[in-house]
Each structure stands twice: as C-alpha cells, then as structure tokens.
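What follows is a set of notes on a single structure, which appears directly below.
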Amino acid sequence: MEVNEFLKLRTGFIRRHYETAAEPFREIIRKIEAGEDPYEPPYSEDGEPPFLEEWCEAKTSLEILGATCVSMLSESLKLYFMTWERELGVQCAKQLPDEFSRKKGKGFVNGYKVCFGHLLKTDWSDCPANWEVIEQVVLARNDAQHAKHIHDMGLEHNPEVRKKHPMPFFLSEDEKRMIEADQILDHPWFGLSLVVTQETLYQAIEQVELLTAWMEEPLFDVKYGRR
C-alpha cells in the first residue's frame, strides 16, 4: 500500500476545504472594512466601529475553521502511523507505553517518533521535517477540542504549552510581539489564544508531508527486509 499517497489525498482535501470554507468569512470582513453593502456604515456618534459584532464573528469563524483543519491534519498523521503499524505488524503503544503517555507530557507524536526511530534505525537528524511544529499540530488539536469558557467562542492554548514551546506556532501576531517584548503574563489562569491562519495551517501541512515523504521509502525497506 502506498500509504503516503493516501496521506497526500487527505492533506490536499484539507487545503481545499480551508480555502473554500474561508472565503465567505473573508468576504464579510473585507466588506465591513471597505464599508460595502450590506455593511455601509450608519451615522453614529458612539465611537464604536460599525458592524463590530459581525466582524468579530467572522474572524472567530476563521479561527475555528483553522483549528478544525488542524484537527483533521492531526488525525491524518495519526492514521498514517497506525496504517504503517498494521503494515509492519507492530504495536508501538503496547511496546512503548511510557513514550505515548500524555500523563507524562508525551503523546502519540513522541511515541511514534521513538517507535519508528527504532524500526528505521535513525535519530531523525537527517529528516527535513520540523518535529516541533508537528508536535504542536497535535497539541492544538487537543486544545481545540476542549473549550475553556462558556462565554467565549475563541480558542486558547493550554497554559502548559509554553513550557515546551516558549513561542507557540499557532498564535496571533499581537501575542507573538508581546512574547518577544516579554509582555505576556506567565500565570496558570492566563491562556494564549489558539489562532490557526491559512499561512500557519499550510506550513504545518507541509511539515507533515515532508515527514511522511521522508519516512515512506525506509518503511518499505523495513517491510520487505531490505534494512
């Protein structure tokens, strides 16, 4: 089975899904900012930007769409690993339970990295993929599935994320600048926003595709006893 070809079908779908689903929300934002029908600014003296609620809702919709696509990407990567497990007749989680344990701050990306590292006899130093980005795909998926506040549709990172990733990959530009300027509060109750833009989504997809493309041939060599 050409496992990587099926992975690429999934990542291609994620790109197309994002682009198609994002367009109406982008158009709402564009029309509001341009003052186009049906968002022509009414006369007002209260100082609040017109159609602020509609603008915020469209922006939040884009962020939720991005998080949904990251969740799909996370599951696609997991399916890639699981399919190769079946192809090779191994059970990584049973063989290395500590490496998969989320309670120990690890999870399936770490577990499969260790497991397939043993199988491929590699330390991953020649792998072109950025494992930090790939790990954050899964962390973002987990945080997107667990909303923090009933009153807010926006998404947040778990505060623990900065212990491993001081500059989270999926973050608003404003918060990135605040971290760079050391202006972010470091308290358990303070959560950084989880913002998946088209740019960061596509970069994450690229890293997953780099990883699986690099792994594919060596995994076939393991399957057919060539290594």
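The values are calculated or read from the model by the stated rules, or taken from the named source; none is laboratory data. Predicted, not measured: the structure shown is a model, and the values here were computed from it. Counting neighbours? That spans all protein chains shown, and the Cβs are built from the backbone with ideal geometry, glycine included. The area values use the complete protein model at the heavy-atom level, side chains included, leaving out ligands, DNA and RNA. Shrake-Rupley method; radii C 1.70, N 1.55, O 1.52, S 1.80 Å.
Kindly check whether there is at least one residue in the stretch 87-97 that is in a helix (DSSP H, G or I) and of a type in the set (S, T, N, Q). Checked against the condition, which is being in a helix (DSSP H, G or I) and of a type in the set (S, T, N, Q), the stretch 87-97 yields at least one hit. Name the residue, out of GLU53, GLU23, GLU48, that is open to solvent by 70 Å² or more (accessible area, probe 1.4 Å), part of a helix (DSSP H, G or I) and at pLDDT below 95. Selected residue: GLU53, the only one of GLU53, GLU23, GLU48 that is open to solvent by 70 Å² or more (accessible area, probe 1.4 Å), part of a helix (DSSP H, G or I) and at pLDDT below 95.
Conditions (1) of a type in the set (Ser, Thr, Tyr); (2) within 29 Å of LEU62 (Cα to Cα), marked per residue:
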residue: TRP84; (1), (2): no, no
residue: SER101; (1), (2): yes, no
residue: CYS115; (1), (2): no, no
residue: PRO128; (1), (2): no, no
residue: MET153; (1), (2): no, yes
residue: GLU160; (1), (2): no, yes
residue: LYS163; (1), (2): no, yes
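Pairs, please: C-beta under 7 Å, at least 6 apart or cross-chain, first residue farther than 19 Å from PHE169 by Cα and in the stretch 139-153, second small (Gly, Ala, Ser)? Once the first residue is farther than 19 Å from PHE169 by Cα and sits in the stretch 139-153, its partners that are small (Gly, Ala, Ser) give LYS148/GLY191. The set of residues in the stretch 120-157 being assigned to a loop (DSSP other than H, G, I, E, B), modelled with pLDDT of 85 or more and open to solvent by 40 Å² or more (accessible area, probe 1.4 Å) consists of LYS121, ASP123, SER125, ASP126, PRO128, ASN130. Residues in the stretch 65-103 that are under 21 Å from the mean Cα position of the chain (by Cα) and open to solvent by 60 Å² or more (accessible area, probe 1.4 Å): 7 in all.
Among the conditions (1) of a type outside the set (Val, Ile, Thr); (2) surrounded by 15 or more Cβ atoms within 10 Å (Cβ to Cβ); (3) without any contact (Cβ under 8 Å) to a residue 12 or more places away in the chain, ARG30 misses just one, which is (2).
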